[in-house]
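To start, the structure under review is shown below, and the notes come after it.
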Amino acid sequence: MAGPHFDYQIRESPRAKYMSLRVTIDRGLEVVVPRGFNRSLIPHFLRDKQEWVAAALSKVHEARQRRRIEPVQTLPTEILLPALGRQWGVEYERKASSTIRLIDDGQGRIRIVGPIEDLAGCHAVLQNWARRQGFNALNPWLRRLSVETGIAFVKTAIRCQKSRWGSCSSSGTISLNLKLLFVEPDLVRYVLIHELCHMREMNHSSRFWRLVGQYYPEFRTARRRLKEAWYQMPAWAE
């Protein structure tokens, strides 16, 4: 569907109160609208936001170009997790086997052993490793913030999500994206506070943002920085 200068998809959301824009590597430009929204207003909205959309789509194009590098290059030789302030070197050992194993020596070195030509398999063991790193670091971090804010939750889950840094359920489970490991600690803190605040306000109302602002006053800046961070994820974590 053509906009003023762009192609876009429309997604109707029962949770949306206003029209909003979302740009992702996989889906491109998406216009999110509430149910029953007058869709004839979309082109006018895009025209008003065309500079922002053009800049966001340019970054998506650059990220997609990076994905087209030779497949072997998507296997990292080092992993830096800014959220934890830690770095690992990664080595690969081809071995006749039906499975791929990841061995972390606890000293900053990782070995991946097995049929390493199976890139999807290598990516899978790396993601599982990152998920464990995320749970070991983010779960206690979230619990400390829960005490600090006085906002309770029930449990933590670590997932590999494509379009959300975190989410929460009415049952009290906070799900966090393992990709948070690749952003700076202050942005991780913002996401954790954001999801904790949803335990009290399951929406994005003005009351919700006032609550977030009590614990993270620079949340607007953090939101902008997180949008930029999506385009910097390593290929194996996608």
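Read the figures in this text as sums done on the coordinates, not as results from a lab. Everything quoted here is computed from the prediction, not taken from an experiment. So basically every Cβ, Gly included, is an ideal-geometry build from the backbone, and we count neighbours across all protein chains shown.
Here are the numbers for this structure:
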item: Relative contact order of segment 141-209, pairs being alpha-carbon contacts under 8 Å that are 6 or more residues apart, as %; result: 31
item: 14 Å beta-carbon shell around Ala16, net charge (K/R +1, D/E -1); result: +4
item: MRE, 222 nm, helices only [DSSP H, n ≥ 4, -39500 (n - 2.57), over the chain, to nearest 500]; result: -12500 deg cm²/dmol
item: Dipole magnitude (debye, nearest 20) for the chain, charges at Cβ of Lys, Arg, Asp, Glu; result: 720
item: Net lengthening on full extension, Arg86/Arg225 (0.36 nm per residue, minus Cα-Cα); result: 47.9 nm
item: Degrees separating the helix 219-229 axis from the principal Cα axis of the chain, which is the longest one; result: 50
item: FRET efficiency for Glu218 and Asp118, using Cβ-Cβ distance with R0 set to 41 Å, rounded to 0.05; result: 0.40
item: C-alpha long axis of helix 119-149 to longest principal axis of the chain, angle in °; result: 60
item: Percentage relative contact order, the chain, counting C-alpha pairs under 8 Å, at least six apart; result: 15
item: Estimated FRET transfer efficiency when R0 is 35 angstrom, pair Ala157-Arg47 (beta carbons, to 0.05); result: 0.30
item: Whole-number percent relative contact order across segment 99-238, with pairs defined as alpha carbons under 8 Å at least 6 apart; result: 19
